[in-house]
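Trainee: What follows is a single structure, and I will ask about it in a moment.
The values are calculated or read from the model by the stated rules, or taken from the named source; none is laboratory data. These figures come from a predicted structure and were not determined experimentally. Glycine also receives a Cβ, built like all others from the backbone with ideal geometry; neighbour counts cover every protein chain displayed.
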Amino acid sequence: MDLPSFFWLWRIAAWSMGLSLLAYLLLAVTGIWMFRARTSHYPPSIFPMRSLHLIIGCCMVSLVLLLLLIGIIGTLGHFGSLGHSSHLFAGLIVVALVSLSAGSALQMSSRRPLARTIHIGANIALFAGFLWVSLTGWSVVQKYLP
C-alpha cells in the first residue's frame, strides 16, 4: 500500500506516542507524590491521587497497546511483513514493561511488598524503553518520508 493511504495511521501513532510520554511523566509525578505522602510523618489522604494514578495508568496501557496495533498494521500494510528494524523489538519490550508495571500495580498491598518493588523497577526500566523506542521510531519514520 501507498504512504498517503496510511498517513492517518501515522498521525494517530504520533499522537499516541506523545500522549504515552505525557502519561508516563504524569505517572512519575503522581507516583512520587504518593511515595512522599506515604512516608511522611503526617500523610494526607492519598486516595484521590491513587485514583488519578490508576486512571492515567489505564490510559497509558491503552495507548501503548494502540501503538502496538498501529505498528503491526502499518508495517504489514507497507512492507508485507514484520521485523524490518529494531523498532519492533523495542516496542515489544515497552509493551512487556508496561504490562509488568500494570500487573504489579494491581497486586500491590501491604502484604505484597515485592509488587511495589517490581512496579518501581519496571517503571525505571520503562524510561530506557521509551527512549529506545523513540529513537528507533524516528529511524522508522525516516523510511516513510519522501
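Conditions tested, residue by residue: (1) under 15 Å from residue 134 (Cβ atoms); (2) basic (Lys, Arg).
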| residue | (1), (2) |
| --- | --- |
| 17 | yes, no |
| 26 | no, no |
| 38 | no, yes |
| 57 | no, no |
| 69 | no, no |
| 80 | no, no |
| 85 | yes, no |
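Trainee: Applying the selection to region 88-104, what residues are among the hydrophobic types (A, V, I, L, M, F, W, C) and within 9 Å of residue 122 (Cα to Cα)? Break it down into steps so the answer makes sense when it comes.
Mentor: At the first step, the residues of region 88-104 found to be among the hydrophobic types (A, V, I, L, M, F, W, C) are 88-90, 92-98, 100, 102.
Passing the criteria: 97, 98, 100.
Trainee: Step by step: first the residues of region 91-119, then only those that are surrounded by fewer than 14 Cβ atoms within 10 Å (Cβ to Cβ) and charged (D, E, K, R), then the one that is farthest from residue 62 (Cα to Cα). Which residue is that?
Mentor: Of everything passing the filter in region 91-119, 111 is farthest from residue 62 (Cα to Cα).
Here's the yes/no breakdown for (1) more than 27 Å from residue 8 (Cα to Cα); (2) of a type outside the set (Lys, Arg):
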{"position": "48", "(1), (2)": "yes, yes"}
{"position": "66", "(1), (2)": "no, yes"}
{"position": "80", "(1), (2)": "no, yes"}
{"position": "87", "(1), (2)": "no, yes"}
{"position": "104", "(1), (2)": "yes, yes"}
{"position": "107", "(1), (2)": "yes, yes"}
{"position": "116", "(1), (2)": "yes, no"}
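Trainee: Now for a separate question. Cβ-Cβ below 9 Å, separation at least six or inter-chain, first residue in region 17-29 and at pLDDT 95 or above, second loosely packed, with under 14 Cβ neighbours inside 10 Å and in a helix (DSSP H, G or I): which pairs?
Mentor: Pairs that qualify, where the first residue is at pLDDT 95 or above and the partner is loosely packed, with under 14 Cβ neighbours inside 10 Å and in a helix (DSSP H, G or I), are 24/127; 28/127.
Trainee: Which residues, counting only those in region 121-134, are aliphatic (A, V, I, L, M) and touching a residue at least 24 places away in the same chain (Cβ under 8 Å)?
Mentor: Of the residues in region 121-134, the ones aliphatic (A, V, I, L, M) are 122, 124-126, 128, 131, 133.
Scanning region 121-134 gives 122, 125, 126, 133.
Trainee: Sticking with this one: Kindly indicate whether residue 138 is out of contact with any strand residue (DSSP E or B) (no Cβ under 6 Å at 6 or more places or on another chain), hydrophobic (A, V, I, L, M, F, W, C), more than 19 Å from residue 59 (Cβ to Cβ) and exposed (fewer than 12 other Cβ atoms within 10 Å of the Cβ). Please lay out each step first, then the result.
Mentor: Numbers: out of contact with any strand residue (DSSP E or B) (no Cβ under 6 Å at 6 or more places or on another chain): yes; hydrophobic (A, V, I, L, M, F, W, C): yes; more than 19 Å from residue 59 (Cβ to Cβ): yes; exposed (fewer than 12 other Cβ atoms within 10 Å of the Cβ): yes.
For residue 138, the condition - out of contact with any strand residue (DSSP E or B) (no Cβ under 6 Å at 6 or more places or on another chain), hydrophobic (A, V, I, L, M, F, W, C), more than 19 Å from residue 59 (Cβ to Cβ) and exposed (fewer than 12 other Cβ atoms within 10 Å of the Cβ) - is met.
Trainee: Here's a follow-up. Quick one: which of 76, 82 is at pLDDT below 95 and in a loop (DSSP other than H, G, I, E, B)?
Mentor: Details: 76 fails: in a loop (DSSP other than H, G, I, E, B).
Among 76, 82, only 82 is at pLDDT below 95 and in a loop (DSSP other than H, G, I, E, B).
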